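Asker: The structure that follows is given in the form of structure tokens.
The values are calculated or read from the model by the stated rules, or taken from the named source; none is laboratory data. Keep in mind it's a predicted model, so treat the numbers as computed, not measured. Positions of Cβ are backbone-derived with ideal geometry, glycine not excepted, and every protein chain shown enters the neighbour counts. Side chains are part of the model used for accessible areas, which takes the heavy atoms of the whole protein and leaves out ligands, DNA and RNA. Shrake-Rupley method; radii C 1.70, N 1.55, O 1.52, S 1.80 Å.
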Amino acid sequence: MSTAGFNSQNGTGTGQTYSNGPSQNPVAPQQPPGVGYGMTHQPTYHPMQAKATPPHGHPGLYPSGPYQPITPVCSYQPGPPLTSHPAASGQSLLTRPLMGGPPSHTPPQSASPGPRLPHAQATPLAPAVSSGSYYTNPQQPQPMAPAWQYNTAPPSMGPPTNISTPPRGPAASHVHPAASSAGPPPPSSTAYSPAPPPPHVPHSVAQPPGPGMPRTPQHGYIQPGPAPPPMTPMAPHTYQPNRAPYGPPPTGPPPTMKPAPPPIGPPMANATPPPPKADGTVAGNGPPAPNSYNHVDNQMGVPPQPGPPGRHLGHYPSLPPGYQTTSAPPNASSPMHPAIQAATQPYTQPYQQPLGGPGAAQLSPSLAAMSLQSSTPETLRVVNLLQERNLLPPIPIPAPTPCLQQDLQRINCNPEVFRSTLTSIPQTQSLLNKAKMPLGLLLHPFKDLSQLPVVTSSTIVRCRSCRTYINPFVSFLDQRRWKCNLCFRVNDVPEEFMYNPVSRSYGEPHKRPEVQNATIEFIAPSEYMLRPPQPAVYLFILDVSHNAVETGYLTVFCQSLLDNINALPGDSRTKVGFITFDSTIHFYNLQEGLSQPQMLIVSDIEDIFLPTPDSLLVNLNECKELVQDLLKSLPTLFEKTMETQSALGSALQAAYKLLLPTGGRMSIFQTQLPNLGVGALQSREDPNLRAAAKDVQHLSPATDFYKKLALDCSGQQVAVDLFLLSSQYCDLASLGCISRYSAGSVYYYPSYHHQHNPAQVECFQKDLKRYLTRKIGFEAVMRIRCTKGLSIHTFHGNFFVRSTDLLSLPNVNPDAGFAVQMSIEENLDDMQVVSFQAALLYTSSKGERRIRVHTLCLPVVNSLSDIFAGADVQAITGLLACMAVDRSATASLSDARDAMTNAAIDSLSSYRQAVLTIQQPGLLAPACLRLFPLFILALLKQKAFRTGTSTRLDDRLFAMCQLKYQPLVYAMLMIHPALYRVDDLTDEGALNVSERTVPQPRLLQLSVEKLSREGAFLMDAGTVMYLWIGRNCHPNFLTQVLGVPSYAAVPDNLYLLPELDTAESQRTRAFVGWLRDQRPFFPSLHVIRDESQLKPTFMQNMIEDRTESALSYYEFLLHIQQQISK
């Protein structure tokens, strides 16, 4: 198995160039070392001894009938076993974890410029076993499995190591030094010592004055109840490379399932060796960008000058903001989906301990006295996951609350825009390593906001050293000086900044909008432009082959564009153009003065050229009638075509030449595998291997043509969006590169047909309307800064990394999310808080240059219990998903699955060994992490990562694209869907939205035992919804909501709820519509019965139940307990 690293930007562990994602392409050129991103040592995947991971991918490993209990094999067997809890006939045996937030582990990524490593090898299948047991047998050796080492600088790359999953082979031992069970962490440890800090662009010139935060002892938190039996602690273990391995699953008939006996001593820590060091590079083969804003963002910088020593001279009171705000988007006023609402609310969990003291713009040393351990917070309440069944709360989980002063927290950044995996930042890298949780940020920087302060000023105040924008978390030493909260330099307050436009008063800089709002937008002056702002330019590239005409998409596209042509974002300069293609390329002359559009055909696809360059992109206002004539005639123009070939590559080259002078947006509509000319592809999918239990092949591009073209487009401020409407394999792994590296989007409609799949047609129509009319930013760049001592080492999303920390975004849209991984380069001993700032510089569709700035402030802590108390389980899960997508492409799918499982094992092991001082039996987790194992299991069963279940390759790759690109609140629904009972909706607790009453049913666990034949249940899986009707559903629901007299009369392909004039119908439609309104894409709805073809898809989302190829939730918990106990 390859030990290639985990990389999402310029290059991969296999020595490739370019940015943003793994690509194991043999034709990619070698990259020179040292040119690339930020750190010279991107964290990389490092092989380690394996923990046994749960079996997946063995059809037939488990019986498919009623639940068959099995006996776990544990490394300890002291005393009598605990009593088993047999399930009733036909019921799953489940134990639910409490709702909260488990932290997870993220795989570091590598950009090694060295020689290509061996390709990932398929994981060997285990020898036949005669029982359904999933535990390993101590007699047989097992290949090694991966684990992620977070946030540290890696040493040199180790040799390749085979990695596999237990049911397909025996497990090797995984024994590492145990972390201390109490007291502050040691200054360094062998297993977790970070490598020497890499060269890093300094963020500041001075250290902040003030006392350091006092270290606090670590306390054990004990669950209420009778005292546990005395435990005999085990001697600390050391790493034993030659230790006898654990073995494969035992053979024999499955006995009765019993929980694993409790361990007799503290489990040893599952330390992960530091990953290898690698260099990242940035390369692109396109011409240099005419609009490179790298130096624009820094142009006002001057050589650092030592400022006067910082003194705290008192603080200024805060002032509620009141100034220019932008208009709210259409849905901004309506209450939100519970999951989204929870994410956007100010942090409300009991973790917060309000403190009095200085105001928002003055960080006082009184913060140094804060400790989360003055009392046991709810987030650290001990939960035994094997005993507490109903852990999923009835409402969505809110984001955890940073432990900040009320003044600071009140103005902190909205967690839906800017969110950290840990809301308490560890003081040192060694402390972070000991916690075994990933440190990273999740961003939704261009999100539609109902309240966005907009400031117009000729002077934008920034730090003269690190270029940070002034924000609410800076310190004012007096009226004339402020201290940067990222590099601590003291700066002068410009004279213009002394005037407050809100109060129209002079001499109160601390009351300016910039210092009262964590999210703000500036209208940039001319020094932020390298050329006049570009116009909005939209170019549509349409597949018109026989296959495309058969799907009927062309009619829907043309009608949608006709309906929304006046709503396209832009101004009087907006330009549009059209290219169609099959085996030839067709251009359309839309020059003003023509009586009708002219079609110009270029058949030489090997040497493409533009027949009339000046009349193919036209001003929309001046030529609107010609554009409308073309859209009306296009669907009939090709209805008789018999062309079956697709020259997509040549069409893209022509489009690139057309947009070269201006930049803009390309929208591609493709319905089949490109099979002619440059960029031609061949089918790589074997339908017989869709349900393979071993590694999935062809997750990487087949050619680098689309990646190289995307980088050329990015250099010329062109983004490419891909709409894939196909019933056959289209190689999304290759085609998706055109959007990933140009900051575009991918839309996928499998089995699209205008007659046979009306639900997809509705989905396409709604998505296209949103796509055509949503806000857009052109020629954008984004930079993320952080307090001195912290560094960013890996980005996730669709972009190109232009320099160490500058993301190139030719287009930015309000539906795009990003994630970054971070490490701690220098100890944060003298700091009580740290800050992170994301600045997005873009050109609006109206031609204004704007800067949107988000700033987040978090506390620094020095104890493991405080780190665990602030863990954000959803953010950790989202970051892990991004990392696992990269690991699947750079190493293997089984590698990514094993690493995710080990993330849960490592974090709970660290909590048990280092935070709990009194060991108790069972699988223990802090309340904030009680859902972590459930979310990891959900990821393992998600379409992107599942094995043993038939999954089309393009479906799997699109799921991976979604996890990397979607903002966290939407991605979490795709990972762990929401289940509601809807046949008994009432107005109790309902919301009032636009004079509609929206019921609020409670969330249910994803298990068949929660379904009832007498009910109807709605599953919201993010991009799709399922309404499951029980066989004995009450006739009142059938008639009042579905408009059918009986269960048998429910149509097979019902995807619309009829508009009936009944209270039940209005409630149900109001609830479904309200859920849909909370996201930018349109989820289709499928009404399903027991006989429906979609029922297996619905049941696959029942994450807590066992399938033939995957564990139940209870079995997964037992597996984690066994691994922690080793």
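Asker: Report the net charge of residues surrounding Arg774, where surrounding means a beta-carbon distance below 13 angstrom and charges are Lys +1, Arg +1, Asp -1, Glu -1.
Answerer: Result for the neighbourhood of Arg774: +3.
Asker: Report P(r) for region 965-1050: all Cα-Cα distances, bin width 10 Å, range 0 to the bin holding the largest distance, values in whole percent.
Answerer: Using 10 Å bins, I get a P(r) of 16, 39, 35, 9, 0 for region 965-1050.
Asker: Give me the number: length gained by fully extending His756 to Asn564, i.e. 0.36 nm times residue separation minus the C-alpha to C-alpha distance, one decimal in nm.
Answerer: 66.5 nm
Asker: For region 704-806, what percent of Cα pairs sit more than 23 Å apart?
Answerer: 42 percent
Asker: To the nearest 10 square angstrom, how much accessible area does Phe958 have with a 1.4 angstrom probe?
Answerer: 40 Å²
Asker: Eigenvalues of the Cα gyration tensor times 5, then square-rooted: what semi-axes does that give for region 619-706, in whole angstrom, largest first?
Answerer: Gyration-tensor ellipsoid for region 619-706: 34, 19, 13 Å.
Asker: Ala1063 versus Arg389, label points 7 Å from Cα toward the beta carbon: distance in nm?
Answerer: Spacing of the two 7 Å Cα→Cβ label points: 3.3 nm.
Asker: Which whole-percent values make up P(r) of region 523-581 when all C-alpha to C-alpha distances are grouped in 5 Å steps starting at zero?
Answerer: Distribution as computed: 4, 13, 18, 19, 14, 11, 8, 6, 4, 2, 0 percent.
Asker: Using the beta-carbon distance between Ser683 and Asp984 and R0 = 41 Å, what value does 1/(1 + (r/R0)^6) give for FRET efficiency, to the nearest 0.05?
Answerer: 0.25
Asker: Among Met1102, Ile1120, Thr1039, whose Cα lies farthest out toward the positive end of the dipole of region 997-1126, if unit charges sit on the beta carbon of Lys, Arg (+1) and Asp, Glu (-1)?
Answerer: Ile1120
Asker: Subtracting the Cα-Cα distance from 0.36 nm times the residue separation, let me have the gained length for Met1099 to Thr612 in nm, one decimal.
Answerer: 169.8 nm
Asker: Per q in 0.17, 0.20, 0.27, 0.28 1/Å, what log10 I(q)/I(0) does a Debye calculation on the alpha-carbon atoms of region 478-544 return?
Answerer: Summing over Cα pairs of region 478-544 leads to -0.81, -0.99, -1.24, -1.27.
Asker: A further question on this structure: If you stretched the chain out fully between Leu594 and Gln728, how much longer would it get, using 0.36 nm times the residue separation minus the C-alpha to C-alpha distance?
Answerer: Stretched fully, the Leu594-Gln728 segment lengthens by 44.3 nm.
Asker: Suppose each label sits 7 Å from its Cα in the direction of the beta carbon; what would the Glu378-Glu495 distance come out to in nanometres?
Answerer: 5.4 nm
Asker: Against the 2.2 N^0.38 Å scaling, with N counting residues, where does region 1070-1126 land? I'd like the Cα-based Rg ratio to two decimal places.
Answerer: Here the Cα radius of gyration is 1.69 times the empirical estimate.
Asker: Same structure again: Would you be so kind as to identify which of Phe723, Gln653, Pro687 lies farthest towards the positive end of the dipole of region 603-731, taking Lys and Arg as +1 and Asp and Glu as -1 on Cβ and the Cα centre as origin?
Answerer: The residue sitting farthest along the positive end of the dipole is Pro687.
Asker: Answer with one residue from Ser615, Phe638, Ile605: the one whose Cα lies farthest towards the positive end of the charge dipole of region 577-640, charges on Cβ with Lys, Arg +1 and Asp, Glu -1.
Answerer: Phe638
Asker: Now for a separate question. Expressed as a whole percentage, what fraction of the accessible surface of region 676-810 belongs to carbon and sulfur atoms when a 1.4 Å probe is rolled over the protein heavy atoms?
Answerer: Heavy-atom surface of region 676-810 belonging to carbon and sulfur, 1.4 Å probe: 46 percent.
Asker: Next question. Could you give log10 I(q)/I(0) at q = 0.26, 0.27 Å⁻¹ for region 381-446, computed by the Debye formula over C-alpha point scatterers of equal weight, without solvent?
Answerer: -1.15, -1.16
Asker: Measure out, as a whole number of angstrom, how far apart the alpha-carbon centroids of region 612-657 and region 1061-1105 sit.
Answerer: For region 612-657 versus region 1061-1105, the Cα centre distance is 38 Å.
Asker: Can you list residues whose amide H is under 5 Å from Asp983's amide H, if they're 5+ apart or on another chain and H is modeled 1.01 Å from N?
Answerer: Ala1016
Asker: At each listed q (0.19 Å⁻¹), what is the log10 of I(q)/I(0) that the Debye formula gives for region 972-1105 modelled as equal alpha-carbon point scatterers?
Answerer: These q points yield log10 I(q)/I(0) values of -1.16.
Asker: Roughly how many nanometres apart are two label points built 7 Å out from the Cα toward the Cβ at Arg774 and Ile918?
Answerer: 5.2 nm
Asker: With a cut-off of 8 Å between alpha carbons and a minimum separation of six or more residues, what is the relative contact order of region 609-751 in percent?
Answerer: Relative CO of region 609-751 lands at 24 percent.
Asker: Then there is this: In sequence order, what are the phi-derived ³J(HN,Hα) couplings for region 491-506 according to the Karplus relation 6.51 cos²θ - 1.76 cosθ + 1.60 with θ = phi - 60°, rounded to whole Hz, with x for glycine and proline?
Answerer: 10, 7, 7, x, 4, 5, 6, 5, 8, 9, x, 6, 8, 6, 10, 10
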